[in-house]
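The values are calculated or read from the model by the stated rules, or taken from the named source; none is laboratory data. Quick caveat: nothing in here was measured; it's all calculated off a predicted structure. Positions of Cβ are backbone-derived with ideal geometry, glycine not excepted, and every protein chain shown enters the neighbour counts. Heads up: the accessible areas ignore ligands, DNA and RNA and are worked out on the full protein's heavy atoms, side chains in. Shrake-Rupley method; radii C 1.70, N 1.55, O 1.52, S 1.80 Å.
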Amino acid sequence: MSKNSQPKTPQAIRGTQDIFGPDAEAFAFVVETFERVRKLYRFRRIEMPVFEKTEVFARSLGETTDVVSKEMYSFDDRGGESLTLRPEFTAGIARAYLTNGWQQHAPLKVGTHGPLFRYERPQKGRYRQFHQLDAEIIGAAEPQADVELLAMADQLLKELGIEGVTLHLNTLGDGDSREAWRAALIDYFSAVKDELSEDSQERLEKNPLRILDSKDRRDQRFLADAPKIDAFLSDDARAFFEAVTSGLDAAGVQWVRAENLVRGLDYYRHTAFEFIPDQGSAAAEALGSQSTILGGGRYDGLMESLGGPATPAVGWAAGIERLAMLVGDRSEPRLEAMVLVENDAGMSAAFQLLAQLRAGGIVADIMATGSPKKRYDKAVKQQPQHILRVDERGYHGISGEGDTSRIVKAVNAAPTSPRT
RNA sequence: GCGAUCGUAGCUCAGUUGGUUAGAGCGCCGGUUUGUGGUACCGGAGGUCGCGGGUUCAAACCCCGUCGAUCGCCCCA
């Protein structure tokens, strides 16, 4: 077949990743560490659908949020129903909690991880198919739940070896506190509307809280004097936040108050938090402008937006890609034994030897391609700890440095033991 | 959705004011040498210069479009 009659190779979808090698090892390390820590805190594993009815996200996240209004992968299925690839975990978990009657398990601690989808401009640490870890405590109104959830996040980051990252903590108050604060912010910023950035003039209509974390200098000079949530907190909301902070102190979780930290999605109440790299840290350098590696908060209003009973809950999500960028190089498992087949007549002996090694828990591979004279060089390039030579006479020797006892033990279990 | 930079071999990259048959290193395949923990040398395969159009006697190079990547804005984890 001539070359130009071959079909063109399709390209990968924009914003998707084919992860391989050290990057894939780092990704796996993040997930494995999360799974280990999850069990320490007795969060139960759940597996969730990758798609839901569109309304699950539209109703819970808020119709006007960017995620819903322009970032969702939505489509009609063959039955004409509008479905959406999940842009986040929380809404789907809330739906599952309601439709499966998981109230019987409340308070329910769950964790999961997997791919999410948002139609965004790809950038460092931001993809259209991305992956998150997720942890939620549903049906727990007490501030202890917030503390436990944050302690888990803090331990996770420590066990990943990530340093130079600090918990930024805020409260949005209860529903009434939040609304009063929001109204005060609108008043305050409306008075200087013409001096705000174009983006913030738009935020004033759609999401005034977001003006508080604007990076634009034109906005920032108004932030110091902007109304603070503390002035609008009810006594209960203030007591709740104090219980969270004192609990964190007792648990040894470092945190800083971030009065301007808000959440983008409508369903958040009370506790809001993000783990953010410290200014000038290696972590901040590695992440570029996508700086939040783990974020979340309390979402006491979410269940009602899905037609369920009022159900308090708190949760967080963390970007696996962003965490993987911070955990450093993760090498693939060390090759302990390379079986060098010196000529093709030794192939059967090689397979037998390999089977014995692997059954004995030895990381082993085979080198049997290319000219016999080059095989040794190619084997060496794989940097095995030991090279086991095989030819038509069978296994006949091992070379390499360090302890060979495990390998010898595995080999001696073979029907044909080495001559030496 | 907006802006900037960039697309040359499997990888990392050269390629002069536009000028013969587009190069190097690494990797891959083979040979010679070496002869058992990363030898040296020789040779080979591999590119419609992202894709499409335009300017020109002549385009990897200039212009337009498009797709993609990267980095910001926005959004968010």
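In straight Cα distance, which lysines are under 20 Å from A:Lys39, not counting same-chain residues fewer than 8 positions off? Of all the lysines, those that pass the test against A:Lys39 - Cα under 20 Å, at least 8 places apart if same chain - are A:Lys109, A:Lys158. Charge dipole (Cα centre; +1 on Lys/Arg Cβ, -1 on Asp/Glu Cβ; no other charges) of segment A:337-412 amounts to roughly 80 debye. Taking 0.36 nm per residue of sequence separation and removing the Cα-Cα distance, the A:Glu163/A:Glu392 pair yields an extension gain of 77.0 nm.
Taking amide H as placed 1.01 Å from N in the peptide plane, A:Val339 has its amide H under 5 Å from the amide H of A:Asp365, A:Ile366, A:Met367, A:Leu388, each at least 5 places away in sequence or on another chain.
Subtracting the Cα-Cα distance of A:Ser348 and A:Glu332 from 0.36 nm times their residue separation leaves 3.0 nm of extension gain. If the chain linking A:Gln220 and A:Asp278 were pulled fully straight, counting 0.36 nm for each residue of separation and taking away their Cα-Cα distance, it would gain 18.9 nm. The simple Förster model, with R0 at 25 Å and r as the Cβ-Cβ distance, assigns A:Val380 and A:Lys409 a FRET efficiency of 0.55. For A:Val165, the amide hydrogen comes within under 5 Å of the amide hydrogens of A:Asp278, counting only partners 5 or more places away or on other chains and with H modelled in the peptide plane. Heavy-atom accessible surface of A:Thr9, to the nearest 10 Å², is about 120 Å², with a 1.4 Å probe and all protein chains retained. About its Cα centre, the dipole of chain A is roughly 1940 debye, where the only charges are +1 on Lys and Arg Cβ and -1 on Asp and Glu Cβ. Of all lysines in the structure, those lying under 16 Å Cα to Cα from A:Lys206, and not within fewer than 8 positions of it along the same chain, are A:Lys70, A:Lys193. Rounded to the nearest 20 debye, the dipole magnitude of segment A:261-420 is 620 debye, with +1 charges on Lys and Arg beta carbons, -1 on Asp and Glu beta carbons, and the Cα centre as origin.
Which of the listed residues, A:Phe43, A:Gly139, A:Val68, is farthest toward the dipole's positive end in segment A:35-161, when Lys, Arg count +1 and Asp, Glu count -1 at the beta-carbon? Ranked along the dipole, the leading option is A:Phe43. Using the Cβ-Cβ distance between A:Phe20 and A:Gln254 with R0 set to 30 Å, the FRET efficiency from 1/(1 + (r/R0)^6) comes to roughly 0.25.
Karplus-based coupling profile of segment A:373-386, in residue order and whole Hz: 5, 8, 5, 5, 4, 5, 5, 4, 5, 7, 6, x, 5, 9, with θ = phi - 60° in 6.51 cos²θ - 1.76 cosθ + 1.60 and x standing for Gly or Pro. Scalar couplings 3J(HN,Hα) for segment A:245-250, obtained by applying the Karplus form with A = 6.51, B = -1.76, C = 1.60 to θ = phi - 60°, are 5, 5, x, 5, 4, 5 Hz; x denotes Gly and Pro. Between segment A:342-420 and segment A:239-278, the C-alpha centres lie 56 angstrom from each other. Using the Karplus relation 6.51 cos²θ - 1.76 cosθ + 1.60 with θ = phi - 60°, the per-residue 3J(HN,Hα) values for segment A:227-244 come to x, 9, 4, 4, 6, 10, 5, 6, 4, 5, 5, 5, 5, 4, 5, 5, 5, 5 Hz, with x marking Gly and Pro.
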